[in-house]
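Worksheet for the structure shown next.
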Amino acid sequence: MFTNKKILIGVAVIVVLILGYGWMTYNSLVTTNENVDNQWAQVETQYQRRVDLIPNLVNSVKGIMSQEQTVFGAIADARTRYAGAITVNDKAIAASQVESALGKLLAVMENYPQLKSAENVQNLMVQIEGTENRVSVERKRFNDMVRDFDLMVKRFPSSVVASMFGFTEKAYFESTPGAENAPVVEF
């Protein structure tokens, strides 16, 4: 009987340890998942800042050069697509389209020295450059958090807890194909 009691206590300790590990792992997964979602919100905040700055830049530039309507139309379309995007992937694709359209505008502006000297255009350009840097930093942080979460979901034994509670891998932010190429604007 004394031996059965020891075995029962040993089994109870093992069960408590397994349940404790599962509980801690579940809480870690929830925390890391929330961190990923929070970091994506930071990326979106910077995207929104960019989208909010673009109309000011466009209006400032429009006053000086009216012949580049196609560039302005592309920017307006890209902003609309971003505003209508719902999923993380759709927003990332739309943000890349905004980047492409903005890059074309910047390339156009390079060919108009009088634009560079306009104070409001210069100020907006500095703000947009700062925003682009912020976007880059927030994307990197997002991908770092996704990596941490995905590692928890993939590694054994936390992968067992993750699959039990429906945690699945998150997608990294990836630039759209061709984003590494600078836009070309010809006159």
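The values are calculated or read from the model by the stated rules, or taken from the named source; none is laboratory data. A quick note: this is a predicted structure, and the numbers were derived from the prediction, not measured. With ideal geometry, Cβ positions are generated from the backbone for all residues, glycine too; neighbour counts draw on all protein chains shown.
Things to note:
- Residues that are closer than 17 Å to residue 46 by Cβ and not in a helix (DSSP H, G or I), drawn from region 74-96: 85
- Region 99-126, residues that are modelled with pLDDT of 75 or more and of a type outside the set (Gly, Ala, Ser): 99, 126
- In region 156-167, residue modelled with the lowest pLDDT [restricted to those that are within 24 Å of the chain's Cα centre (by Cα) and surrounded by 11 or more Cβ atoms within 10 Å (Cβ to Cβ)]: 162
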